[in-house]
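All of the numbers you see were taken from the coordinates with simple rules; none came from a lab. Keep in mind that this is a model prediction, so the values were computed, not measured. When we count neighbours, we look across all protein chains shown, and the Cβ atoms used for this are built from the backbone with ideal geometry, even at glycine.
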Amino acid sequence: MDAGIFGTPRSPMPQLAGGPAAQVRGYWESLRTGGGIPWRTAIDPRGLTGALDRVFLAERIGAGLAQVRLSGTRVNELSGMDVRGLPLSCLFQPDTRTELSRVVEGVFQGPRATELHLTARKELGRPLLAARLLLLPLLDRAGNCTLLLGCIDTGGEIGRAPRRFEILRSVEERLLGAAASMPEPVAPDLKPAQGYLRLVYSAD
């Protein structure tokens with residue numbers, strides 16, 4: 001199946017159409033010269049202005065496993081800590097992580113562009129929280145699909161962190177014929193002296 005919808009919603013999902021996730025998808029699409037998968041080195045934070053606080057970059061470290069390398073401030077607020085170096089599964093309920101692993105592996109191996117509709121349970125100090133998670137494949141310097149560009153857009157107050165999500169629905173689009181069709185672009189000089197880039201959003 002080239003595209004599919006998996007899972008059955010267990011609670012109402014507020015509409016989060018447009019917004020940061022749509023901006024990130026549009027920017028990623030603009031980098032797909034010839035329909036290929038974009039290179040990591042083509043990503044310029046200036047193209048994501050307005051969504052950077054909700055953006056993250058993750059790397060495949062094993063089958064179905066992705067480790068967060070860069071994270072925006074909103075992503076960190078959901079976890080209550082800096083999630084760099086942690087698995088993407090840290091944002092999910094334990095009973096959801098098997099499904100997340102399947103989805104993540106599909107992004108890398110499909111490759112697939114995937115959108116997840118999520119919910120975080122209502123608990124003391126934690127209101128019901130809906131979210132939309134976008135996962136988009138990227139090529140590393142060797143031309144392998146081992147990286148992903150992500151964006152998590154939430155509706156409503158975060159409440160008391162950490163928040164852990166469940167998957168209500170996944171929409172997975174297989175990118176047929178996707179490959180690197182252009183040489184790797186020269187990377188923008190993005191890294192500060194510490195050796196990492198922290199994504200920080202500014203409305204100025």
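Summary of values
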| quantity | calculated |
| --- | --- |
| Gained length - residue 173 relative to residue 25, 0.36 nm times residue gap less alpha-carbon distance | 52.0 nm |
| Top positive-direction residue, dipole computed over the stretch 52-174 with Cβ charges, set 106, 68, 79 | 79 |
| Span from the the stretch 142-163 Cα centroid across to the the stretch 90-138 one, whole angstrom | 8 Å |
| Equivalent ellipsoid semi-axes - Cα gyration tensor, the stretch 52-174, angstrom | 24, 15, 12 |
| Estimated FRET transfer efficiency (residue 123, residue 102; beta-carbon r; R0 35 Å; 0.05) | 0.85 |
| For the stretch 51-91, alpha-carbon Rg relative to the globular expectation (2.2 N^0.38 Å, N residues) | 1.07 |
| Chain lengthening between residue 61 and residue 46 when straightened (0.36 nm per residue, less Cα-Cα) | 2.6 nm |
